[in-house]
Amino acid sequence: MKPTVSRPLWIALPVAVCAAAALFVGAPFLTAARFQEAALAGDFAAMEGLTDITALRADLHARMQARIIAAMHTDGELHHNPLAGLGLAIVPAMADRVVEAAATPRGLAVLVATGEAPKTPVEAAFPPPPAEREPVRRRAGYESWNTFRLTVRRTSAPEHRATRLVFTRNGTAWKLTRIEPPA
């Protein structure tokens with residue numbers, strides 16, 4: 001006599017596979033939604049759990065330094081200025097200040113709520129009240145299988161002024177690892 005597979009197993013197996021696939025594909029959307037909810041509610045502990053702060057700070061610091069140095073090199077007047085070397089020497093301190101303001105749960109909450117990153121630690125500590133904020137548009141989507149973006153911008157700002165929060169897959173979990181400021 002040949003063993004047979006029961007009918008409920010044939011139904012349960014495809015359902016389980018579909019549910020696993022939906023969870024795999026939907027996980028970054030759920031993470032981005034949880035991150036937004038935590039940011040808007042001021043739940044900084046939840047935001048920290050969804051953020052790789054070390055990777056975020058390192059990436060943001062490198063981006064800010066590169067942006068400041070590039071701006072200094074493209075300025076024709078600074079190119080021949082003897083004090084330009086001094087300016088390049090303080091670039092890391094300038095980048096540290098931006099990172100200190102933006103790469104904290106409070107700074108990220110301000111970014112999600114207002115559509116702009118705080119420029120100083122004080123601005124991060126005291127965001128405008130909800131009634132005074134301009135509406136913000138948030139959009140989420142895959143960049144690749146292991147990279148997911150949450151794009152944030154004020155509704156009045158053009159698309160090129162959007163900030164992108166990049167989440168990266170680490171095993172089955174997704175964490176914020178990078179911020180791409182507007183160009």
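The values are calculated or read from the model by the stated rules, or taken from the named source; none is laboratory data. None of these values were measured; they are calculated from a predicted model. Because the Cβ atoms are built from the backbone with ideal geometry, glycine has one as well, and the counts that use them run over all protein chains shown.
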Practice problem: Residues being touching a Gly at 6+ places or on another chain (Cβ under 9 Å) and under 30 Å from Leu23 (Cα atoms): count how many of those fall in segment 126-183. | Solution: 12
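Yes or no, residue by residue, for (1) touching a Phe, Trp or Tyr at 6+ places or on another chain (Cβ under 7 Å); (2) part of a strand (DSSP E or B); (3) over 21 Å from Arg63 (Cβ atoms):
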| position | (1), (2), (3) |
| --- | --- |
| Glu134 | no, no, yes |
| Glu143 | no, yes, no |
| Phe148 | yes, yes, no |
| Val152 | no, yes, no |
| Ser156 | no, no, yes |
| Leu165 | no, yes, no |
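Matching residues to (1) at pLDDT below 90; (2) surrounded by 12 or more Cβ atoms within 10 Å (Cβ to Cβ); (3) in contact with a helix residue (DSSP H, G or I) (Cβ under 7 Å, 6 or more places away or on another chain):
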| position | (1), (2), (3) |
| --- | --- |
| Val110 | yes, yes, yes |
| Ala113 | yes, yes, yes |
| Glu123 | yes, yes, yes |
| Pro128 | yes, yes, yes |
| Glu134 | yes, yes, no |
| Arg137 | no, yes, no |
| Ala140 | no, yes, yes |
| Glu143 | no, yes, no |
Quiz item: If you scan segment 167-183, which residues turn out to be crowded, with 17+ Cβ neighbours inside 10 Å and of a type outside the set (Phe, Trp, Tyr)?
Solution: Thr168, Arg169, Lys175, Leu176, Thr177, Arg178, Ile179, Pro181
Self-check item: Residue list for segment 4-44, filter: out of contact with any helix residue (DSSP H, G or I) (no Cβ under 9 Å at 6 or more places or on another chain), among the polar types (S, T, N, Q) and surrounded by 11 or more Cβ atoms within 10 Å (Cβ to Cβ)
Solution: Thr31
Quiz prompt | Selection from segment 24-63 of residues that are free of Cβ contacts under 8 Å to residues at least 24 places away in the same chain, under 17 Å from Gly107 (Cβ atoms) and charged (D, E, K, R) | solution = Asp43
